[in-house]
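Since the structure comes first, as structure tokens, the remarks are kept for the end.
The values are calculated or read from the model by the stated rules, or taken from the named source; none is laboratory data. Note that the coordinates shown come from a computational prediction; the quantities given were computed from them, not determined experimentally. Here the Cβ positions follow ideal geometry from the backbone for every residue, glycine too, while neighbour counts run over all protein chains shown.
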Amino acid sequence: MIETFGYITKEETLQTLSSNILENTFVLEAVTPFPGYHGENMPGPGKPHYIFLVTRKDYGLEKIIRTAKEIKKLLSIPFGARPAELHMFNSTFPAIRINHLSSFSDIPELQRWFSDMGISFMKKKTFNDAGLIRVTKHFRLEEVEEGIYRDLEDPLMHYFEIDTSLPWKMFEAITLRIKNNVSNNNFDAASGVLFIRDLMDIVRIYERSPGVERLRALREKYREEIEKLQ
């Protein structure tokens, strides 16, 4: 097992929440998480998937994780919290990415706890469009083959190493080309970084039980497309 930190970058449709939030705060929901994958990937009725609490400033990884840890000791609501950056309105907004909530009605109580512990939220804005998201998170991984990893916390998440960092638009274009040239294009892809043996550029694949051969083949497709750009 490998435990490390890193981040994932992806583009998803974000939409302002107008109810079940503290008054005049900027809260967004990821409307269609993992848009490239069509399968059993959505929460049950009335359950949020990914919620973003937009903050007044960047509080940093340690502050957010410590604060969430303290809240979990005092609050019975299950949740996960990680720092995030949202690129929208041609600007970058710091946020806390929340997941594993049982109900939208839990959001305002969770906001109150964060607020009581020194986290200030941005005033409400209206947004309903694609936004670029970067989430910093902790990973628990198993290396199933050199450079290919399985997520031990989410069985639909898999990762493989690539040789270079790619700007999002370039990564998006490469992914589209690959999807148009493989027989099974039912997967969602995101780019990222893992801090394993120094810094490792990765592709995150979201797909149910792809198997090592499938991941190996997708990795080769990405490497071929990257080589064409060099």
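Do we find that A95 is touching a residue at least 40 places away in the same chain (Cβ under 8 Å), out of contact with any Leu (no Cβ under 7 Å at 6 or more places or on another chain) and closer than 22 Å to G6 by Cα in this structure? Spell out the reasoning first.
Working: touching a residue at least 40 places away in the same chain (Cβ under 8 Å): yes; out of contact with any Leu (no Cβ under 7 Å at 6 or more places or on another chain): no; closer than 22 Å to G6 by Cα: yes.
So A95 fails the test.
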* To do: Run down T126, T164, T175 and say which single residue is of a type in the set (S, T, N, Q) and either farther than 29 Å from E207 by Cβ or in a strand (DSSP E or B) (or both).
  => T126
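Every residue, every condition in (1) within 14 Å of E146 (Cα to Cα); (2) part of a strand (DSSP E or B); (3) polar (S, T, N, Q), yes or no:
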position: A189; (1), (2), (3): no, yes, no
position: V193; (1), (2), (3): no, yes, no
position: D198; (1), (2), (3): no, no, no
position: I205; (1), (2), (3): no, yes, no
position: S209; (1), (2), (3): no, no, yes
position: L215; (1), (2), (3): yes, no, no
position: L218; (1), (2), (3): no, no, no
position: E227; (1), (2), (3): no, no, no
* To do: Enumerate the pairs (first residue in the range 170-186 and within 16 Å of P35 (Cβ to Cβ) and aliphatic (A, V, I, L, M); second residue anywhere and assigned to a helix (DSSP H, G or I) and modelled with pLDDT of 95 or more) with beta-carbon separation below 6 Å, excluding pairs fewer than 6 apart on the same chain, so at least 6 apart or on different chains.
  => I178/K221
* May I ask you to verify whether R150 is free of Cβ contacts under 8 Å to residues at least 12 places away in the same chain and not assigned by TED's automatic domain parsing to the domain that holds A30? => yes
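Is it true that I51 is crowded, with 21+ Cβ neighbours inside 10 Å, over 13 Å from G131 (Cβ atoms) and among the β-branched types (V, I, T)?
yes
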* Mind listing whichever residues of the range 109-123 are crowded, with 17+ Cβ neighbours inside 10 Å and in contact (Cβ under 8 Å) with a residue 60 or more places away in the chain? => Q111, F114, I119, F121, M122
* Structure fact -> Screening V182, V144 for residues that are surrounded by 13 or more Cβ atoms within 10 Å (Cβ to Cβ), assigned by TED's automatic domain parsing to the domain that holds E213 and part of a strand (DSSP E or B) leaves only V144
* Structure fact -> Inside the range 31-52, the number of residues satisfying the requirement of being more than 18 Å from Y7 (Cα to Cα) and either touching an Asp or Glu at 6+ places or on another chain (Cβ under 7 Å) or modelled with pLDDT of 95 or more (or both) is 5
* Asked: D129 is checked against (1) touching a residue at least 24 places away in the same chain (Cβ under 8 Å); (2) closer than 27 Å to T4 by Cα; (3) not basic (K, R) and fails just one. What number does that condition carry?
  -> (2)
